[in-house]
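See structure below.
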Amino acid sequence: MEKQNKGQVDEFSDGKQGNYQRALLLGGPMSRCGLHIDDYGWTSWIGVIRGTKLFYLWPGDVDRMAAFAYNDAQATKPGQGMALYTQFDPFREQSPEMEAMFEATGRSYGDELWDWEARDALSPQRSTPLLPVKPVECITKAGEILVTWDNWHTALNLEASLAVGRSYIDKWGLPLLLWRSMVYRPNFGAALELTANVLKRDTAGKTTFFDALKVVRDLSANARDSGSDEWPRAKAVHAARAAEVREMPAEAGEIFREVAAASLRALVGDAELTDEGLDALAARVAAAALSDEKWVP
């Protein structure tokens with residue numbers, strides 16, 4: 001049995017909860033959870049209180065269609081955005097083709113050949129799907145904590161187990177959360193609501209969000225320059241939503257319209273959206289918030 005609060009991204013974007021969720025995980029011997037990624041850019045950890053768990057983890061930016069035998073219809077849910085769960089079960093015997101695909105990489109996630117700097121949390125390269133690699137295996141025992149971060153992962157209980165977990169948004173995960181939200185969510189307004197509530201909750205001088213936009217800009221620029229399949233999707237969202245942002249109602253607030261426009265420019269990797277320009281907009285947002293000016297819908 002697993003008790004977990006799902007839909008946290010939607011609740012956070014609606015301003016109904018803080019930027020975290022908690023989970024209580026109970027399982028009998030040989031029970032498991034499906035292969036999944038904790039929503040968008042959320043960082044997660046699991047602490048085992050009793051028992052032993054075997055985890056398999058893949059990078060969050062792995063080519064899920066190739067690695068997990070997805071087709072495009074499975075990788076995205078019509079009208080809902082990116083699918084966060086798969087039917088791929090690494091604990092079952094895989095086909096020779098699947099085994100050969102993982103072996104062909106010649107390396108595993110996190111092994112001695114892994115380039116951590118090239119795929120770190122803020123790396124623009126994360127917008128280019130990574131070729132399939134063998135997963136890292138991790139056995140977690142009572143008293144130990146595994147940080148799953150923004151990785152695809154699944155767990156098998158090697159014995160009856162009790163664990164607790166927590167997922168949250170931090171400044172490292174926020175850029176990929178924003179980028180994926182804008183690229184994959186069918187309703188761009190939901191991404192703007194998320195933007196507004198991140199800004200409302202940001203206690204670090206309103207800079208965290210704009211630092212994230214710098215990374216979003218670089219993610220999209222990399223997707224464009226590398227010929228990533230994500231680039232046509234980003235362009236399509238920009239084309240579909242640019243008029244929507246220009247026609248936002250006056251009650252949304254002039255500064256928030258500027259923030260929304262900057263978000264769309266970041267989505268297409270606009271080189272003229274400079275760090276200095278985003279810093280200046282961050283200062284304006286901070287000043288408006290301090291003066292109680294209405295700047296978000």
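Find the residue count for the stretch 232-259, including only residues that are surrounded by fewer than 18 Cβ atoms within 10 Å (Cβ to Cβ), basic (K, R) and farther than 23 Å from S127 by Cβ.
Number of matching residues: 1.
Evaluate the following for A262: is it closer than 25 Å to Q125 by Cβ, modelled with pLDDT under 90 and not assigned by TED's automatic domain parsing to the domain that holds D61?
Numbers: closer than 25 Å to Q125 by Cβ: yes; modelled with pLDDT under 90: no; not assigned by TED's automatic domain parsing to the domain that holds D61: yes.
Considered against the rule, which asks whether it is closer than 25 Å to Q125 by Cβ, modelled with pLDDT under 90 and not assigned by TED's automatic domain parsing to the domain that holds D61, A262 comes out as no.
Restricting the first residue to the stretch 270-281 and requiring it to be closer than 13 Å to D218 by Cα, which pairs with a second residue that is of a type outside the set (A, V, I, L, M, F, W, C) and in a helix (DSSP H, G or I) meet a Cβ separation below 7 Å and a spacing of at least six or different chains?
These pairs meet every condition: D270/R217; L273/R217; L273/R265; D275/K214.
Name the single residue that is farthest from L84 (Cα to Cα) among those in the stretch 159-171 being hydrophobic (A, V, I, L, M, F, W, C) and surrounded by fewer than 17 Cβ atoms within 10 Å (Cβ to Cβ).
Taking the stretch 159-171 and keeping what is hydrophobic (A, V, I, L, M, F, W, C), we get 160, 162-164, 169.
From what's left, surrounded by fewer than 17 Cβ atoms within 10 Å (Cβ to Cβ): 160, 162, 164.
Numbers: A160: 26, L162: 24, V164: 20 Å.
Per the criteria, the residue is A160.
Output the qualifying pairs, or none if there are none: Cβ atoms under 9 angstrom, residues six or more apart or on different chains, first residue in the stretch 222-233 and at pLDDT 90 or above, second residue of a type in the set (D, E) and crowded, with 16+ Cβ neighbours inside 10 Å.
A223/E230
Being under 18 Å from the mean Cα position of the chain (by Cα) and of a type in the set (A, V, I, L, M, F, W, C) is the filter here; which residues of the stretch 22-45 pass it?
Across the stretch 22-45, the qualifying residues are L35, I37, W42, W45.
This table checks each residue for (1) in contact with a Phe, Trp or Tyr (Cβ under 7 Å, 6 or more places away or on another chain); (2) farther than 22 Å from S228 by Cβ; (3) modelled with pLDDT of 80 or more; (4) part of a strand (DSSP E or B).
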| site | (1), (2), (3), (4) |
| --- | --- |
| Q74 | no, no, no, no |
| G79 | no, yes, no, no |
| F91 | no, yes, yes, no |
| Q94 | no, yes, no, no |
| E99 | no, yes, no, no |
| A118 | no, no, no, no |
| Q125 | no, no, yes, no |
| G143 | no, yes, yes, no |
| A155 | yes, yes, yes, yes |
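The values are calculated or read from the model by the stated rules, or taken from the named source; none is laboratory data. What you see is a predicted model; the values in this text were computed from it and never measured. FYI the Cβ positions are ideal-geometry reconstructions off the backbone, even for glycines, and counts take in every protein chain you see.
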